[in-house]
Amino acid sequence: QVQLVESGGGLVQAGGSLRLSCAASVTISTFNAMGWYRQAPGKERELVAAVLRFGTRNYADSVKGRFTISRDNAKNTVLLQMNSLKSEDTAVYYCNAKGTYDDYWGQGTQVTVSS
């Protein structure tokens, strides 16, 4: 069974940084993509960043230049480095793994940016 466990969320002031980590219970190299999504109160869940199996990275326009996604296949972890945080980045952040037929989600970690 696939389990994704996020960590690293918290409260930070605007302009600060946080690094989120997603630890998988299985080998992540078999997934088509690993990504981070977020959901703010009253809003739909949205893609923040994803890294595809062969290394291509995609980012939401709102985070380009500020966030960096990386994957460590040896440690089965995916990281999201978030710099220059803004109040609008406040949300619950979810780790996602996309297989050929299945989608897997972590439980989420809260990120709160105070202005």
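The values are calculated or read from the model by the stated rules, or taken from the named source; none is laboratory data. Since the model is a prediction, treat every value here as computed from it, not as a measurement. Every residue, glycine among them, receives a Cβ derived from its backbone with ideal geometry; neighbour counts consider all protein chains shown. Heads up: the accessible areas ignore ligands, DNA and RNA and are worked out on the full protein's heavy atoms, side chains in. Shrake-Rupley method; radii C 1.70, N 1.55, O 1.52, S 1.80 Å.
Once the dipole of the chain is set up with Lys and Arg at +1 and Asp and Glu at -1 on Cβ about the Cα centre, which of W105, C22, N73 lies farthest towards its positive end?
With unit charges placed on the Cβ atoms, the residue in question is N73.
For the pair L47 and S115, what calculated FRET efficiency results from E = 1/(1 + (r/R0)^6), where r is the Cβ-Cβ distance and R0 = 22 Å, to the nearest 0.05?
0.35
Please get the size of the charge dipole for segment 1-99, origin at its Cα centre, with Cβ charges of +1 on Lys and Arg and -1 on Asp and Glu, quoted in debye to the nearest 20.
About 200 debye.
What whole-number value in cubic angstrom gives the convex hull volume per residue for the C-alpha atoms of segment 20-64?
Per-residue hull volume (Cα only) is 97 Å³.
Would you report the distance distribution of C-alpha pairs in the chain as whole percents per 5 angstrom bin, up to the bin with the largest distance?
Whole-percent P(r) values from 0 Å outward: 2, 13, 25, 26, 19, 10, 4, 1, 0.
With θ set to phi - 60°, apply the Karplus curve 6.51 cos²θ - 1.76 cosθ + 1.60 along segment 71-78 and write out the HN-Hα couplings as whole Hz, x wherever there is a Gly or Pro.
10, 10, 5, 5, 9, 6, 10, 10
Which stretch or stretches of segment 7-24 have amide N atoms under 18 Å from the point lying 7 Å from R57's Cα along the Cα→Cβ direction?
17-23
Just need the relative contact order of the chain here, percent rounded to a whole number, with Cα pairs under 8 Å and 6+ apart.
Worked out over the chain, it gives 37 percent.
Show me the ranking of peptides 44-54, 88-98, 9-19 by mean Cβ neighbours inside 10 Å, starting with the highest.
Going by the mean number of other Cβ atoms within 10 Å, highest first, we get 88-98, 44-54, 9-19.
Relative to the present Cα-Cα distance, how much length would full extension add between N83 and Q39 at 0.36 nm per residue of separation?
Stretched out fully, the N83 to Q39 stretch lengthens by 14.0 nm.
Once phi is turned into θ = phi - 60°, what whole-Hz ³J(HN,Hα) does the Karplus curve with 6.51, -1.76 and 1.60 give for every residue of segment 3-16, x standing for Gly and Pro?
Ordered by residue, 3J(HN,Hα) equals 10, 10, 10, 8, 8, x, x, x, 9, 9, 7, 4, x, x Hz.
Estimate the FRET efficiency between Q107 and Q13 by the formula 1/(1 + (r/R0)^6), using the beta-carbon distance for r and 35 Å for R0, to the nearest 0.05.
0.85
Quick one: pull the percentage of alpha-carbon pairs in segment 47-115 with a separation above 15 Å.
58 percent
Using a probe of 1.4 angstrom, how much of the accessible area of the chain is carbon and sulfur, in percent?
Heavy-atom surface of the chain belonging to carbon and sulfur, 1.4 Å probe: 47 percent.
Along the Cα-to-C-beta direction of R66, a point sits 7 Å from the Cα; which residues of segment 15-54 have their amide N less than 20 Å from that point?
Residues passing the 20 Å test: 15-21, 35-51.
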